[in-house]
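Any read-out appearing in this document is the output of simple, stated calculations on the displayed coordinates, not a laboratory observation. Bear in mind that the values here come from a model prediction, so they are computed numbers and not experimental data. Don't worry about glycine lacking a Cβ; one is built from the backbone with ideal geometry, like all the others, and counts go over all protein chains shown.
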Amino acid sequence: MSTTGTDHDAKLYISNPHSRRVTVRVRSSPKLNIDALYRVDCGTVRTIRLSSAFGAQEGTSIEPKGVLVTSDNEVALSCANVNDDSYDAFLALPTDVLGTHYHADTYYPCGDACQALVVSVHNATKVSITMGSSLGNDTVEYNGTRYATGDTLNVVLNQYEMFQFHSLGDLSGTHIVSNKVISVFSGNKHTSVGSKTSYKTNLVEQLTPVKTWGKTFVLVPTPETYHSSFFRFLASDDSTAVRIRGDCFFNLNMTKAGEVARIEVPLHSNCYGVANRPIQVVKYTQGHYGLVVVDNPSMILIPPTEQFSSTYTYGNAGESRAVYLILILKSEDLDGLRFDGKIFSSSSARIENIMEIKLMIVQVLVSSHQAHTVRHISPNVTFGGTIYGFFYGYVTYGYPIGMRMVAINNPCETTVPEVGDGIDNDCDGMVDEELCGVDSEAAVYSNDVTLGNRKKRHYESAAQRNSIVFRYDLVKFASKDVNKCDD
């Protein structure tokens with residue numbers, strides 16, 4: 001998206017967790033004429049710079065400036081919008097998990113502008129943008145027409161085309177719907193957050209589709225910050241209520257889909273939120289000006305606990321002077337955590353607990369410009385993670401290290417489970433297929449399917465030595481055979 005100044009590059013950080021080199025191809029529209037191959041060595045992060053020509057122009061317009069990144073093996077990709085006095089970064093989502101239904105989120109007051117960006121993956125993509133109620137008396141102007149709250153702006157995009165729209169009003173809750181999958185980004189052109197400092201930065205996150213939103217979230221403080229943080233909650237449905245507890249106590253109600261509620265969480269407070277309907281949660285950190293530390297604000301998308309995973313690969317910007325990894329997991333699962341294949345050392349970490357829900361918050365300083373993998377030895381254990389980094393000068397950024405992207409917020413019908421299908425088969429809002437280790441540590445069952453009046457319980461065993469997956473069905477096997485995990 002657009003930012004201040006004329007010299008604002010974009011940077012792609014491609015992380016290769018594999019034991020061999022990966023080849024990455026970066027392509028653009030013919031107008032910008034980019035089609036290049038890059039080699040990413042094993043265990044490293046390759047930085048690819050895109051010139052300011054790829055940045056959206058200020059205002060509301062359609063431009064052929066999208067970029068397609070493909071590789072011959074799976075990689076993790078994060079991106080940054082870079083300027084001399086501002087910087088923010090986001091986790092890039094692969095095209096196979098994108099959606100057709102989004103809500104924008106922007107910080108208000110907007111500063112220079114609140115803005116959102118839609119990028120087309122396919123030709124002839126029809127996009128409808130309905131302005132949210134947070135816009136108030138402000139408007140979005142496009143082709144001489146002003147669009148107010150409730151008005152719908154329609155555009156058609158081809159591959160590599162992107163449509164940026166902006167306003168001096170809050171675009172949060174603006175509803176973006178398409179007939180084909182799209183990438184959607186939102187944030188601010190250049191703004192301060194809160195009242196603690198006047199330092200400004202651009203803010204950006206790539207948004208997750210509404211079908212992946214969840215109901216439970218953990219709200220944690222940011223390392224090396226000196227002030228409270230703001231969390232914004234956006235409703236996907238009418239009559240949404242959110243209860244926030246732990247070190248916080250809030251009860252929030254959003255009567256209509258697309259409405260936004262905001263809370264300010266004090267410094268050093270660990271909280272959790274539970275909603276009755278799926279929501280999107282975004283964290284905004286305040287900037288800080290001190291004798292030793294000067295930080296810009298940042299925008300961080302908070303994954304729901306339902307989308308926590310058991311394995312992540314991520315990379316850091318090579319120019320970072322410090323990067324913190326923040327993990328959220330159950331207290332009893334800490335011993336099984338592995339970082340780059342080694343036992344996680346808690347002696348160098350800061351650990352805090354949210355006693356009510358038996359979760360712990362782990363903060364650890366990690367090296368930059370290296371591809372990292374963090375996982376749990378049990379594939380049945382999930383946890384969440386974000387990184388928070390400090391760039392040159394006073395620039396900061398943060399984003400999730402990953403998440404599952406299961407469609408847990410779609411209209412649901414019970415289906416027959418297949419091993420590792422990643423589907424909510426019994427419509428309970430969870431993907432609860434269980435894995436059983438070869439040493440029979442966790443022969444546990446899943447109630448993830450109902451067929452008529454007969455319920456089956458399916459078992460899976462991930463044979464870690466030879467990557468063979470076995471499926472057990474109690475209709476055919478006795479429980480003592482399942483617990484053996486033999487064949």
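Some values worked out for this structure:
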{"read-out": "Cα centre as origin, Lys/Arg/Asp/Glu Cβ charges: the stretch 191-278 dipole, Debye", "value": "120 debye"}
{"read-out": "Highest to lowest packing among 376-385, 182-191, scored as the average C-beta count within 10 Å", "value": "182-191, 376-385"}
{"read-out": "Mean separation of Cα contacts under 8 Å (6+ apart) over length of the stretch 141-221, as relative contact order %", "value": "18 percent"}
{"read-out": "Separation of alpha-carbon centers, the stretch 183-254 and the stretch 61-135, rounded to whole Å", "value": "17 Å"}
{"read-out": "Cα gyration tensor, the stretch 100-160 - rounded (a/c under 1.5), prolate or oblate", "value": "prolate"}
{"read-out": "Cross-link pairs beyond the 19 Å C-alpha cut-off, checked among LYS256/LYS283; LYS126/LYS215; LYS11/LYS65; LYS126/LYS180; LYS65/LYS200", "value": "LYS256/LYS283; LYS126/LYS215; LYS65/LYS200"}
{"read-out": "Where a label projected 7 Å from the Cα of LYS256 along Cα→Cβ would reach, residues of the stretch 146-175 with amide N under 11 Å", "value": "149-151"}
{"read-out": "Sites VAL181 and ARG25, calculated FRET efficiency, Cβ-Cβ separation with R0 22 Å, nearest 0.05", "value": "0.65"}
{"read-out": "Mean Cβ neighbour count within 10 Å, used as a protection proxy, ranking 156-167, 350-361 highest first", "value": "156-167, 350-361"}
{"read-out": "Cα-centred dipole magnitude for the stretch 1-97, charges only on beta-carbon of K, R (+1) and D, E (-1), debye, nearest 20", "value": "480 debye"}
{"read-out": "Cβ crowding within 10 Å averaged over residues, with 199-211, 32-44, 274-286 ranked highest first", "value": "199-211, 274-286, 32-44"}
{"read-out": "Net charge of Cβ neighbours under 10 Å - reference VAL204; Lys, Arg +1; Asp, Glu -1", "value": "-1"}
{"read-out": "Calculated FRET value between ASN353 and ASN73, using beta carbons and R₀ = 51 Å, to 0.05", "value": "0.85"}
{"read-out": "Net +/- balance of residues flanking TYR272 in space, Cβ distance below 12 Å, scoring K and R +1, D and E -1", "value": "+2"}
{"read-out": "Potential extension, THR152-ASP41 segment - 0.36 nm per residue separation minus Cα distance", "value": "35.3 nm"}
{"read-out": "Approximate spin-label separation GLN57-THR414, in nm, with each point projected 7 Å along Cα-to-Cβ", "value": "5.7 nm"}
{"read-out": "Cα gyration tensor shape of the stretch 1-120, rounded if a/c is under 1.5, else prolate or oblate by comparing a/b with b/c", "value": "prolate"}
